Each structure stands twice: as structure tokens, then as C-alpha cells.
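One structure below.
What follows draws every value from the coordinates through simple rules; no lab data is involved. Predicted model only: the values in this text are computed from it and were never measured. Neighbour counts run over all protein chains shown; Cβ positions are idealised from the backbone, glycine included.
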């Protein structure tokens, strides 16, 4: 190792300070130095010393900018002079620096958690242990638990919304490096041998020589398979374990409550069922998704049965199994003389044969065994119960409590279907399809011309009859046929795999009762809804209206009330145990009205929905469509759930998990355990405790937020929707056009062709603002609202300070906004603004953004009483110090590459290196920010 390399390594620790210099963060800084040194060595060997010198000098200057020792303009000018190939080396180097710094942070979080566990620290807030301790202190009555946790459910739903920029290959190399650092920690820290060092070097070399960009856009089949890998990585082990712990804790505290008979924590998915704006979700895609899910679940159960067969070697010469166990052994057909005295192994051989036959049926293959397939998961569970009871009968309860118990929990959770796959489509599509079906059947020639009352009357009449509207050979438009084919496929998979396979149908942009009844008619058309079932209308698929825009959220209570007032639909809800799910959209409401207005519209909508549900006697379950960023409903899930209004959780919630958030939460068992516990813990606390904290002052607080939200929405809409030229400014100052070229998902970036903000999907909208470090959807308009409402009054400022102290909702809104403001960098944003060719427009829009940012920071700190936006989040403050200097060169080079491409300077580039560099910077910035969309 040369002295030059050592100097590079030492320099790479610069830029940290303050709390990051504490002794407990020393291992993190050491990891960053180590990984930076190895990456530097690899760059020097692979690209040459000149490239290493360029990268290192750039890094030193980037940290100098962060310490105000180097002028940002000088660094930008130097980077702007690089040729495409040199820029490519710098972009790749800093993308890898960021990725490795993220990895070091994650490892350090693990390290700190282990330290606190060993030190006997109190349970971490958000853990089940901490929650049950709090419930113990509150002495919650058994009757309350029994009432509130009836039908308890926590369901994280994985979606294919594309913001994960990392390739699976890169992710795998990261895991190799992570495991190597863990090995070193287990071995005692700094002492490593040459073999370990060589392996780390090889892993970083692999990373450097692996392309960060995909050659082609992800297909839907790829997204299906990508999501399934998280089951092997963590979910197969963690989800059943949490359910088992929950059941034990509840039974121990409230033995007579009679709840949690079924698992509370269940996974869900949208990948292969979400058709809203995604033309690739077809009948074949839905069949593939549900079949691959079932194959994954059944494959796991078969592997566990094989392990059990190896472990349960008990001989009936030594123990006395039950008659029921012997019956299973005899039915297996296993007549091997080597297992003549091993009834457990023979029984498990038969069970595996039956499960293999089940799998063959799912795959459409001939059954490989003569034994009949299992009818459903309960059939398999019955046999597992026989094995369990027999083991306990001869003193082998310890064996029953090990792998067998885990398998039983897994079968209860994952069944034969693995996870529920929701259907989703836009209400306008349902309207078109139903109109065509009614016209073809001669029922109504022009359904779309009917008013709402006439539509409801017509649809309700159709829902009283079993007859379908069209024959299978009906001549229908391509769009209608495609929609019906998807529903036919869903009905077939429900028949094959059980009712949990497709549990819900979500209606995007739901605005009326007819929007809901149209879906009911379509479900009836394919046999999923039976209007003449013996006990009343029956359907295994729940219909969930999705309220997304500010206006739809404000009308949500009225819409739900009208739905439940419709007699036929109310009887359908009664057939589902008087339970109704409503989905709330965070992304479009934010794009529509800004951060504060959207969050308050959601809170108000929940209050009204809770009241309507209580009045109608139904159990309400809310489904939160949250994204990764604060601008799309992101932020810590535990705090977000606790910040819900009273009655809005009620023992059950579903929540979307999407993009890069999925890997961040579920790529590792420890991460998955912590994040899933937080969801469950917050659900229990919000259900069984008074967490709002407003008491008799609730209405007064609500009135304050009504006023603030209206002011914030006005300020936001004045900029985004009413400023002439704003759309042109946005498209010029951000990489929104270039983002569409990044191969990160199957879904198109816009719902339809158009140049308006309304046509743009919320994900690329937020993603683009993140790339420029303006982060506008996460804060704009709030500062104006707060400043104008306070109006210089110390009394009003104190009112807001008191709300911040007492009210989790308001505290969470400001905390999440503080995180976004801390990540905002208007110095960098100004460089993006230079891409706007019209100087007057450039200054007019950016000046307003700058002024609002200053106003929002000032008012936030005035209310919280802090002198730092991240005073309540020291972990993120440390993370920003460690990671954000690596972002500096990526931003400058992205601006320069965008300028070259748009000006035509890169037109003669035979390798299109400029375009590739733009995509690499998008990738690198998204990786470093961690939650871009």
C-alpha cells in the first residue's frame, strides 16, 4: 500500500464533525474510510492514476464546498470542462462512494442496535416490547382489546411503482460487502486477514466493473420476480415470527379476549393486478403473478416439510405416537423397510406428496404422485396439527415448538397463495367498459349520458340478477375485452388458490356510488359476485374506493355515506362482516394542493370517514397509499400511524411499500423485523391508546389547521398551477424528460400524453424535484401559510408551539418537512435553474422558490423552538454529513450534461456518452438520497 493511498484514505474521513465525532460513531467513520480506500485502489488500478487523482481532487473540493472552504462555482466550472469520458469516471466513482457510504450507515445502525440489546437498554420505541410495556402501564381492559382488535390486520402492500434505481446485480454485490463487514465485526472488529481483505477487494472490483444502468426497461415479469425475492431474504422468517409473538403476548395479557385467531400481519401486492395506467398488466400477467406467488409459497412449505422429515426421526420402538399420526403414516403409501419404525417420516412423506400434487395443479402439470392434492391450506394445517399433537403426547413438545410451529405459522400466513394481489383500475375505464356491455346487451344504448341517479338505479337493477350481460363470444372493443379477460383470470385464480388470492379491488379516482357499482357489475359478470347467494349477495373481493385529489378527499365522507345508503351495496358489505376498506391517496393530493393542504385533507377525510362508519355500523379499514418521499406520504411509518386521527386505525390498516423503500425495509431480516414491528406496534398503540392528545381542544385545533391548509394550498397553487410558464420552467430546470429514459420500471411516466402537471404521474413529479435538490412537493406553501396566519402575533405563534408539543399529527408534519428542508440545497438548485433559457422566467420562478424556502425554514424553527431543522433526528443529520458531499459532483455534472445534450453539443457523440452520463447521475443522486420518489 503506497503512502498516496493512505493519504487518500485519511482524507476520506473529512467532512464529518459535531456528533459524528463521538466515540460511538467511530466504527462508522472507520468503515467509510476502509470502503473509500478500497474503492480508490480499484479506481487507480482499473482507470489509472490520472483518473484517481481527478476523483480525489474532486472529492477534496466537494468536502471543501460543504465546509465553505471552496467556492462552489469554481468546482462547477472545473467539472464543466471535463470531456465525456472523464466525466463518466467521476460520475461512476461518486455514485459508488455514495452507495458504499449508505451501506456503512446501515451496518452501523445494526451495530448500535446490537450494542443497546447487549447493554440491556430499554426497548426501542416502535418495537413490540416497548408497545406492550406501554399497554401494560395503561391497563387496557380485555373488553376493549376484544372489541378493537376484532378483524385486526396490518398489511404492507408491495407495488411496482418505479423509483428503485439499483440493479439486482449491484444489490447482490452490496450484500457481499455487507456480509464481509459483519464477519469482521463478529471476529472482533479491526483484526482481519489477507484472505478477508482480498475478498473485499474483489467485491469492490466487481462493483466497479458492473454496469449501474440496465440496458432495457424492466418488464412486468421482472418486477414480479424482484418482489418475490424479499420473501426468501426476510419475509418467510420474519412475518410468521412476529405473528407468533403477537399471539403469545395478547393471550398472556388478555386470555379471554378471543382475538388474533388468524395472523394479524399479512403481506400484500399490487404487482400484476394494478392496471391503472399500466398497459402491461394483462390477464396473462395476473395469472403469472398469482402462479409465481403460489409457486413460491408452496416451494417454501415443501422445503420445510423435507427438513421436518429429516429431523423427526423418532422410532415407535422408543415412543408411542397417536393413532391419528399412524393413520397419516399409513395413508402416505411409503412402504420403505428403512422407515418401517419411523411413522413421522412416513407421514411427512405423504404430506409432501400431497403438497407436490397441489403445486402441480397450480402449475397446470400432471400430478407426480398418486396421493390427492390438498384442497386448501386448512387441509394441510389439519395434518400438521396431527403431527403437533402426537409429538406432545410423548414428551416431544420442544420439537413441536421448533420448525413445526414455524411451518404452521407460515401456512397460516402465506397459505397456498403467498400474498393477496389487489386489482386496481381507474373509474373512467370502468365507465367505458360497463357502457359497452350494457349497449351490447340491449339494456342501455348510452349509459354515459345518464345522470348519477339513473346510473345507480340501472346498475342496482343489474346486480339483482345472476345473468351475465354478454356471452364469451361477444364482439367487444379491444379495451373492454382486455378488462374482462383480466377479471376472468382473477376469478379463475380465486377458484384455484382460494379467496385470499385477490382480496380487494381498488377504484382510482372514485367519486360516486356509480363508480363503485360499476365494479360490482363487472365482478358479477365474471362470477366473482353472486347476487343470489343463500345469505345475501356474496363476493370474496372487497371493493375499495380510492380518494386521491384534494376535492375527492373533502367529499370522501359524503361519498362513503352514499355508498352505504345504497341498499344493495350495503347488503354486500354486510356479507363481508360489515367491513369496508377505503384507500387514501397521498401522491395526487400533494401534487394537487401541496404538502400541508394534502396532509390536512387526508386527516379531515379520515375524521369524516370514521364518523360515517360509526353511524352506519361498519368497521372501517383505511389503506394508505404512501410513497417513499415525504412529498408522497413518506417518512417514518411508526410516527405516521400514531399521527392518525382517533378511530382511524381501529386495529387494521394497509399501507403501500414501493420503489427503493422495499429494499431499504425488507432486504435483510433485521431490517424487516424492525420495520414490520413498527407497523404493528403503531397500529396497536393507535387502536388501544389515546394518542391524539388534544382532548377538548380538538375542534379548536382543527379550525387552525383548516385555515392553515387553505392558505398553504393557495400559495402552492398560485405557483404550480397559476404561474404562467411554470410548466416550461419545471421541464427545463429538472431532468423530467430524461427521467423517462431511465429503465427503472414498466409503468409509463404519464397517465396520458400531455404537457400539464395534472397529466404527469406523482412519482416522476417528485423524483424530478429530488434530483434538483429543491424537494418542492415536501414543503412549498407551508411557510406562507404559517407566516400569514401568525401575522406577527406572539399569541398565535404560541398556539402553534402548543399544538406542536401536544399533537402528534402536527409534530409529525413539521418533523417530516424539516427532513425535506434539510435535504434541500438551493445553491445546487440555482445551477439547475440556469438551464431555463428565458432569463425573466428563470428568475421569476426561482426567486419565489427561494423566498418560500427561507420563510418555511424560519417559521418551522420558530414553532419547534429548535436551532436546527434536524434537532429531532440526529441520525439523519449524521447521514447528511457523511453522504451529501459525494452528491456535489454528481449534481454539477448532471447540470452540465443536460446543458450539452439540450444545446446539441453532444450530437456527434457516437457512444451517446452524454445521455449515458445523465442517466448515471440520476441513478447516483437517487442512490445517495435513498428516498427519491
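In table form, for the structure just shown:
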quantity	calculated
Cα-based Rg and Dmax for region 781-933, where Dmax is the largest Cα-Cα distance (Å)	19.3, 65
Length-normalised contact order of the chain in % [C-alpha pairs under 8 Å, at least 6 apart]	17 percent
Where labels lie 7 Å past Cα in the beta-carbon direction, separation of residue 876 and residue 186 in nm	3.4 nm
Net lengthening on full extension, residue 471/residue 129 (0.36 nm per residue, minus Cα-Cα)	117.4 nm
For region 692-707 versus region 221-276, the gap between their alpha-carbon centres in whole angstrom	35 Å
Scattering profile of region 856-899 at q = 0.18, 0.21 Å⁻¹ [log10 I(q)/I(0), Debye over alpha-carbon scatterers]	-0.69, -0.75
Two-site FRET efficiency, residue 722 against residue 113, from Cβ-Cβ distance with R₀ of 56 Å, rounded to 0.05	0.70
Region 10-159: Cα Rg divided by the 2.2 N^0.38 Å rule of thumb	1.61
Whole-number percent relative contact order across region 291-414, with pairs defined as alpha carbons under 8 Å at least 6 apart	27 percent
Descending semi-axes in Å of region 259-316, equivalent ellipsoid built from Cα gyration tensor	36, 17, 6
Cut-off 17 Å (backbone N to label point 7 Å along Cα→Cβ of residue 121), residues of region 879-899	879
For region 291-414, the Rg and Dmax computed from alpha carbons only, in angstrom	14.0, 43
Cα centroid separation, region 582-627 to region 635-661 (Å)	11 Å
For region 165-276: rounded, prolate or oblate by the Cα gyration tensor [a/c cutoff 1.5]	oblate
Alpha-carbon centroid distance for the pair region 102-143 / region 838-864, whole angstrom	39 Å
Residue-averaged 222 nm ellipticity for the chain, from DSSP H runs of 4+ at -39500 (n - 2.57), nearest 500	-19500 deg cm²/dmol
Equivalent ellipsoid, region 555-707 (semi-axes from 5 times Cα gyration tensor eigenvalues, Å)	26, 20, 16
With eigenvalues of the C-alpha gyration tensor scaled by 5 and rooted, the chain, Å	45, 37, 29
